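Please treat every number below as a calculation from the coordinates, not as lab data. All values reported here derive from a predicted model rather than from experimental measurement. Quick reminder, even Gly has a Cβ in these numbers, built from the backbone with ideal geometry, and neighbours come from all protein chains shown.
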Amino acid sequence: MAIATLLEARTERTYRRRYVGLCAHSPEPNAGQWTDVISIDPRDPRRRRVGMGRGARDACTRYEVNAASTVACLLSLWPETGRTHQLRVHAAAAACPLLGDVQYGGSKRITLPNGQVIPVNRVMLHCREVQIPRVDAPGHFRFEAPLPQDMRAVIDGGFSSMNIDSDEL
């Protein structure tokens, strides 16, 4: 019964996920949605791209800027659909690829105004919260995952003057 409920929730888009992502530039406007079609990259079937092509499917990502500094932008991302690499592709298409995402144009480091370099060793994307429907009663279960230490380090360095509490993201 639980599996059937979860599959139905996926089909009906009644479960929710919120990701936190870091990029070098803020999208314009500071909140909205990206609705670009995503298809398979004809040069590399492991990659995706915006635009019509083989396997093209509608995709929708809601986003909001949580904080922006001169070197980085902190985003909340809510995928409304579940396409492969959707958040990464949409962010890159909006000219704000995720830090560490070299496959889609993201930088492997940020340089602070004082010249200090903070390395970014992976894609700066983290599923912070998931809500799934209950099978035994009305409502949802809500699960949260704290930010990984490496992501906290980039946030602390890139937003040092802003006193961001990463536990509240």
Quiz item: Counting Lys and Arg as +1 and Asp and Glu as -1, each charge on the Cβ, what is the dipole of the range 58-144 about the Cα centre in debye, to the nearest 20?
Solution: 260 debye
Quiz prompt | Cα centre as origin, Lys/Arg/Asp/Glu Cβ charges: the chain dipole, Debye | solution = 660 debye
Exercise. Could you give log10 I(q)/I(0) at q = 0.08, 0.18 Å⁻¹ for the range 2-162, computed by the Debye formula over C-alpha point scatterers of equal weight, without solvent?
Key: -0.26, -1.12
Quiz prompt | Mean residue ellipticity (222 nm) of the chain, computed from DSSP H runs ≥ 4 via -39,500 (n - 2.57), nearest 500 | solution = -5000 deg cm²/dmol
Quiz item: Quick one: Karplus J couplings for the range 95-112, per residue in order, coefficients 6.51, -1.76, 1.60, θ = phi - 60°, nearest Hz, x for Gly and Pro?
Solution: 6, 9, x, 5, 4, x, 8, 4, 4, 10, x, x, 7, 8, 6, 10, 10, 6
Self-check item: Loop sites in the range 45-106: trypsin sites (Lys or Arg not before Pro), DSSP, at most 13 other Cβ within 10 Å
Solution: Arg46, Arg54
Quiz item: Quick one: helix 149-158 against the long Cα principal axis of the chain, what's the angle to the nearest 10°, folded into 0 to 90?
Solution: 50 degrees
Quiz item: Taking H as built 1.01 Å from N, whose amide H comes closer than 5 Å to the amide H of Leu99, not counting residues under 5 places away?
Solution: Leu22, Cys23, Ala24, Met124
Exercise. Starting from the alpha-carbon convex hull of the range 1-78, give the projected area averaged over all orientations, in nm².
Key: 7.0 nm²
